[in-house]
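Novice: Just dropping this structure here.
The values are calculated or read from the model by the stated rules, or taken from the named source; none is laboratory data. What you are looking at is a predicted structure, and each value in this text was computed from that prediction instead of being measured. Here the Cβ positions follow ideal geometry from the backbone for every residue, glycine too, while neighbour counts run over all protein chains shown. Heads up: the accessible areas ignore ligands, DNA and RNA and are worked out on the full protein's heavy atoms, side chains in. Shrake-Rupley method; radii C 1.70, N 1.55, O 1.52, S 1.80 Å.
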Amino acid sequence: MYKDLREFIELVEKLGALRRIEGADPRFEIGGITEIAAGRSDGPALLFDAIKGYPRGFRIFTNATTSPQRAALALGIDPTLRPLDTLKAWMDKRKSLKPRAPVAVKEAAFLQHSISGKDVDLAKFPAPIWHRHDGGAFIGSGSIVIMRDPDGGWINASIYRVQVHGRDKVTVQFDHAGRHGAIIAKRYWEHDKPCPIAVVNGEDPALFVAGFEYLRAGQSEYEFAGAIKGAPIEVHPGPLTGLPIPAHAEIVLEGHLLPMSESTLPEGPFGEFTGYYGSEARPAPVMQVNAVHHRADPILLGSPPMKPPRFHFGLPFRAATIWQNLDAAGVTDVVGAWQHVSQLMTVVALKQRYDGHAKRAALVAAAHSYMARLIVVVDDDVDPSDLNDVMWAVATRCEPSEQIDIVRNGWSSALDPRIPAADKSRGITAHSKLIIEACRPFAWIGQFPPTSAFSLAEACAIEEKWGAALK
């Protein structure tokens, strides 16, 4: 498996899924090119070099895992599998993952170049302004933020966004007070101490995936990433903070997160994964950057939120969780689950065994679909990962007067653009969910007209035999 981000990029290029871009402007252009590329059918990964205003060699890599193929590659799964089979393979692998503690090494690639004190200047790196109305340049859109819990000593390495505010200051946005990073920082601040912190910009994709996982307190993302790779993550103590930093990281910022009672800066706004802005600029804690380390010809990993259906990952990890929720609730014969529109639409495919089976699955899925307004259930001859196939079922098997329901006061978020600002200010972040049963009516399923299409198994067999000739 890949050792670091550079080896992953080499694997992506061998798949023919990498495009090299030169001369792009970090102000809007890199973000725009990234979004347009992610929306194409081939959706390539992008490696930017010779960036406007910066010397050749200071690079940005985007769309790392936005396709099912590259998400599979990041997870150590066969990238030639069909999307739904890839998700099944990840679910199986996820169940058997064994945490692997990181190992300390004596040398670190990220220490090839180091700057500290008054010589620190973050303008050295091409941090993009990703969206037209963003509040500034964000060096951290796919970066992991490393912190040590002062009580238990465990390491948190989650994804938080990082905005540049001058030559030696950034803000770190924790989303809400319940995130592990926010809790750890507060424990230092309660003792009138700044929180030691390191921001890694350019980690390998296993760490990127782990940084998005919702792990329990005390479980380190390093252990989860090591489990994905089947080998421990190599770390090296940061010269300033002593925090364990991935040895093969590209760019590292070291410093301290200052108490919010002492210093804040306006963070954002920043385009969200819904395709809208979720809030205005808000006060955020400030990291005083005291040291910067980077490899020769460093690569910044960028993963900005984009307009749906583009998303950070080409595999809907939450759909895998919903699939497991259905199984745990006793809903049998589920053959697939998927999410479209950046997780805002959930689809469940099943083989109907009894009247009400589809509705039961829909209600369980709705209860576990964060922010998703649309819940669709289809028969087992429909591929839930193929939106065209799903809409064919909706248009031909759903009678709206009989097979549509609305569940009110469902689980959503303050990022939901449809919830009025006045409601959000009062803490109201619920919405309604539309349930669509796009299944053949169970009462006369045997009399429903037979489909003229090939079955999924037949289509797979044909594709396996003749797919190469169609490329």
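Novice: Please give the helix 456-470 orientation as an angle from the longest Cα principal axis of the chain, in degrees from 0 to 90, rounded to the nearest 10.
Specialist: The angle comes out at about 60 degrees.
Novice: Skip the ligands, DNA and RNA, and give the accessible area per residue of segment 1-101 with a 1.4 Å probe, whole Å². Could the numbers behind the result be given before it?
Specialist: Working: 4790 Å² over 101 residues.
About 47 Å² of surface per residue is accessible.
Novice: Which distance in nm do the two modelled labels at S116 and F212 give, with both placed 7 Å along the Cα-to-Cβ direction?
Specialist: Simple spin-label model gives 3.6 nm for this pair.
Novice: Which whole-number value in Å³ per residue fits the convex hull of the alpha carbons of segment 414-471?
Specialist: Working: hull volume 11.3 nm³, N = 58.
Expressed per residue, the convex hull around the Cα atoms of segment 414-471 is 194 Å³.
Novice: Additional query: Please report, for the Cα atoms of segment 205-339, the Rg to one decimal and the Dmax as a whole number; what are they, in angstrom?
Specialist: Over segment 205-339's Cα set, Rg and Dmax evaluate to 18.9, 56 Å.
Novice: Calculated from DSSP H runs of 4 or more alone, at -39500 (n - 2.57) each and per residue, what is the 222 nm mean residue ellipticity of the chain, nearest 500?
Specialist: Details: 13 runs with 128 residues, N = 471.
Value at 222 nm, helices only: -8000 deg cm²/dmol.
Novice: Now, a different point. Pull up the cross-link candidates among the lysines for K93, meaning alpha carbon to alpha carbon under 28 Å and not fewer than 8 places away within one chain.
Specialist: Hits, sequence-local ones excluded: K3, K14, K229, K351, K465.
Novice: Tally Lys/Arg at +1 and Asp/Glu at -1 over every other residue whose Cβ is under 9 Å from the Cβ of E22; what's the total?
Specialist: Values: positive: R20, R56; negative: D49.
Charge balance in the 9 Å sphere: +1.
Novice: Taking a cut-off of 19 Å between Cα atoms, list the lysines near K424, but don't count ones fewer than 8 places away on the same chain.
Specialist: Partners within reach: K433.
Novice: Rounded, prolate or oblate: which fits segment 185-250 when a ≥ b ≥ c are the square roots of the eigenvalues of the alpha-carbon gyration tensor, with rounded for a/c under 1.5 and prolate only if a/b beats b/c? Don't skip to the answer; put the middle values down first.
Specialist: On the way: a/c = 2.33, a/b = 1.48, b/c = 1.57.
Judged from the Cα gyration tensor, segment 185-250 comes out oblate (a/c at least 1.5, b/c at or above a/b).
Novice: Using only Cα positions of segment 1-103, each an equal point scatterer, no hydration layer, compute I(q)/I(0) via Debye at q = 0.10, 0.19 Å⁻¹ and quote the log10 values to two decimals.
Specialist: Listed by q, the Debye log ratios stand at -0.34, -0.97.
Novice: Also: Among the lysines, which fall within straight-line cross-link reach of K118, defined as a Cα-Cα distance under 23 Å, with same-chain neighbours fewer than 8 residues apart omitted?
Specialist: Result set, ordered by chain and number: K169, K193.
Novice: Let me see the P(r) profile for the chain: every Cα-Cα distance counted, bins of 20 Å, each bin given as a percent of all pairs.
Specialist: So the P(r) values, bin by bin, are 23, 55, 21, 2.
Novice: Provide the packing ranking of 295-303, 398-406, 341-349, 231-239, i.e. peptides ordered by the mean count of other C-beta atoms within 10 Å per residue, highest first.
Specialist: Details: 295-303: 21.7, 398-406: 11.8, 341-349: 24.2, 231-239: 19.7.
Highest mean packing first, the order is 341-349, 295-303, 231-239, 398-406.
Novice: Moving to a separate point now. Quick one: which residues, 5 or more positions from I21 or on another chain, have an amide H under 5 Å from its amide H? H modelled 1.01 Å from N in the peptide plane, none for Pro or chain starts.
Specialist: L47, F48, D49
Novice: So what is the accessible area of segment 262-315 per residue, in Å², with the probe set to 1.4 Å?
Specialist: Values: 1940 Å² over 54 residues.
With all protein chains present, segment 262-315 gives 36 Å² per residue.
Novice: Shifting gears a bit: Around V382, under 12 Å between beta carbons, what's the net of Lys plus Arg minus Asp minus Glu among the other residues? Walk me through the numbers before you get to the answer.
Specialist: Working: positive: K351, R397, R440; negative: D379, D380, D381, D383, D386, D389.
Charge balance near V382 sits at -3.
Novice: Same structure again: Would you pull out the residues with amide H under 5 Å of W154's amide H, same chain only if 5 or more places away, H placed 1.01 Å from N?
Specialist: Long-range HN contacts for W154: D149.
Novice: How much of the accessible area of the chain, probe 1.4 Å, is carbon plus sulfur, in whole percent? Walk me through the intermediate numbers first.
Specialist: Values: 11110 of 20980 Å².
That share works out to 53 percent.
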